[in-house]
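These notes are about the structure you will find just below.
The values are calculated or read from the model by the stated rules, or taken from the named source; none is laboratory data. Remember, predicted model here, so these are calculated numbers, not experimental data. Reconstructed Cβ throughout: ideal geometry from the backbone, glycine too, with neighbour counts over all protein chains shown. The accessibility values were calculated without ligands, DNA or RNA, using every heavy atom of the protein model including side chains. Shrake-Rupley method; radii C 1.70, N 1.55, O 1.52, S 1.80 Å.
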Amino acid sequence: MPNKTKAAPAPRAATNKLPDGLTDLMYQLLETEMGGVQVYRTAIQCAVHDDLREEWNEYLMQTERHVGIARDLVAAMGLDPDAETPARTLCRHNGQSLVKLMMEALAIGTPAQAQLTAAECVVAAETKDHANWELIGLLAKKSEGAIAGALGAAVEQVENEEDHHLYHTQGWARELWAEAMGLPAVLPPPEETQDVDTAKEAADAKESRDALI
Ligand SMILES: [Fe+2]
Ligand SMILES: [Fe+2]
């Protein structure tokens, strides 16, 4: 006799499988921070301006802390922080290329050229670092439960520092270029003196430079 009771729904596919792009972002988040440590260690060797060296030393310490935060977050997402993936490999090579470029600048350039190269390399590294954490912030808002909590707490710990890393170093790169071109420069840059920590404030600081000269 046929069973007329309603069939139980088929078991759902395992839900702990993350979308590929999310897995890639998590590994690149960690790898960017790890590469950032190497970028800062090399950039510090290129720094000529005392205030800039001091700033990068502070950013190095913060980035070392971010490595731990990113590592814990990767594990909280159910991923192995030591696993190797293509996205992670590409990200590591990007960081290594920045270190190589600064070493080359130290070998063949003047101290001022090496410092400028380092400022541009830090901006490149921090553009990616900043974008990674911004995406983690977006994800946190769309997530629920413990994962949302872990993502949100991690972003909270780093976001202000990431704003400083990017916007302040952009200011240094711009003003050091102005100085190198023989133009009036605001050193330390207004991003520094105005304690910029948002894109809007960075735009305002840039706007204000002419008045500060
Ligand atoms: Fe960072
Ligand atoms: Fe950073």
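Remarks
- Full extension of the segment from Glu207 to Glu156, taken as 0.36 nm per residue of separation minus the current Cα-Cα distance, would add 15.5 nm.
- Mean-position separation - Cα centroids, region 119-184 and region 82-98, in angstrom: 19
- Most tightly packed first, judged by the mean number of other beta-carbon atoms within 10 Å of their residues, the peptides 36-47, 163-174, 80-91 read 163-174, 36-47, 80-91.
- The value of relative contact order for region 16-169, using C-alpha pairs under 8 Å at least six residues apart, is 31 percent.
- Computed from point charges on the beta carbon alone (+1 for Lys and Arg, -1 for Asp and Glu), the dipole magnitude for the chain about its Cα centre is near 1440 Debye.
- Over 28 Å apart at the Cα level, from the set Lys100/Lys128; Lys17/Lys141; Lys17/Lys100; Lys17/Lys200; Lys17/Lys142, are Lys17/Lys100; Lys17/Lys200.
- Average accessible surface area per residue within region 60-184, 1.4 Å rolling probe, Å²: 50
- Label-point separation, Ser97 to Glu84 (7 Å along Cα→Cβ), nm: 1.9
- The stretch between Arg65 and Ser143 holds 25.6 nm of extra length on full extension. This uses 0.36 nm per residue minus the Cα-Cα distance.
- In straight-distance terms, cross-link reach from Lys206 covers every one of the aspartates and glutamates whose alpha-carbon lies under 14 Å from its own, apart from those fewer than eight places away in the same chain; here that gives Glu175, Glu191, Glu192, Asp195, Asp197.
- Cβ-Cβ distance of Leu187 and Glu58, R₀ of 22 Å, FRET efficiency by 1/(1 + (r/R0)^6): the value works out to about 0.80.
- Rounded if a/c under 1.5, otherwise prolate or oblate - the chain, Cα gyration tensor axes: prolate
- Carbon-plus-sulfur accessible fraction, the chain (probe radius 1.4 Å, protein heavy atoms only): 57%.
- Linear extension gain, Ala112 paired with Thr127, 0.36 nm per residue minus alpha-carbon span: 3.1 nm
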